[in-house]
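S.K.: Below you'll find the structure I mean.
The values are calculated or read from the model by the stated rules, or taken from the named source; none is laboratory data. This is a predicted model, so every value here is computed, not measured. Backbone-built Cβ (ideal geometry, glycine too); neighbour counts: all protein chains shown.
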């Protein structure tokens, strides 16, 4: 169920994966399997309106399931595992006080997400933004706003920490038009924690933010350009 919405005013071909058409995976029982229904994914697909041959940027881990699902429409997926790249580069981005500067974050994001402006119809950001320092997150959001087309959709996940102060590192995949497969591959302390109200103001370059809550600690967010 949608909680609320807020409205407001080329890499080389080797980096792209052209997805071959295939059958849509069947819905599965969620109990203990990592599969879960998702109103955010349902909204995401409704927003794409069945259009074919779209460019979609996936910022998460490389998954075989997402291309299988999106291949039904002949979409082209471009992968950029942002958290892995950021974790490796972070020691070179910090100032003398150990903080990441916005200038260094901008330089890294421009190089890592080196795509042409207005190139993507949609972005799968998964849980990436919460694992970045604030300057890097702000830089990523600003850069994504430049490389997506008008009316593009971005799907994000945010978590509340557990009693130990950690969140899951998620390997996510789109399993159907209304469900996800989320597999925990590790745990870490989040670099940022947000309430839904705080997240409303973290996407100033985008026109609307839509929130979807489940009974657990996972918050699904759709951002429209």
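Residue-by-condition table, conditions (1) closer than 20 Å to residue 61 by Cβ; (2) surrounded by 17 or more Cβ atoms within 10 Å (Cβ to Cβ); (3) at pLDDT 95 or above; (4) touching a helix residue (DSSP H, G or I) at 6+ places or on another chain (Cβ under 6 Å):
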site: 146; (1), (2), (3), (4): no, no, yes, no
site: 160; (1), (2), (3), (4): no, no, no, no
site: 163; (1), (2), (3), (4): no, no, no, no
site: 184; (1), (2), (3), (4): yes, no, no, no
site: 188; (1), (2), (3), (4): yes, no, no, no
site: 193; (1), (2), (3), (4): no, no, no, no
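S.K.: On the basis of being surrounded by 14 or more Cβ atoms within 10 Å (Cβ to Cβ) and in contact with a helix residue (DSSP H, G or I) (Cβ under 8 Å, 6 or more places away or on another chain), does residue 175 make the cut?
M.R.: When the stated conditions are applied, residue 175 passes them.
S.K.: Determine whether residue 124 is more than 17 Å from residue 190 (Cα to Cα), touching a helix residue (DSSP H, G or I) at 6+ places or on another chain (Cβ under 6 Å) and surrounded by 13 or more Cβ atoms within 10 Å (Cβ to Cβ).
M.R.: It is false that residue 124 is more than 17 Å from residue 190 (Cα to Cα), touching a helix residue (DSSP H, G or I) at 6+ places or on another chain (Cβ under 6 Å) and surrounded by 13 or more Cβ atoms within 10 Å (Cβ to Cβ).
S.K.: Report yes if residue 224 is under 14 Å from the mean Cα position of the chain (by Cα) and closer than 20 Å to residue 144 by Cβ, otherwise no.
M.R.: yes
S.K.: Sticking with this structure for a sec: Hey, among the residues in region 30-73 that are part of a loop (DSSP other than H, G, I, E, B) and within 13 Å of the chain's Cα centre (by Cα), which one's modelled with the lowest pLDDT?
M.R.: Here the answer is 62.
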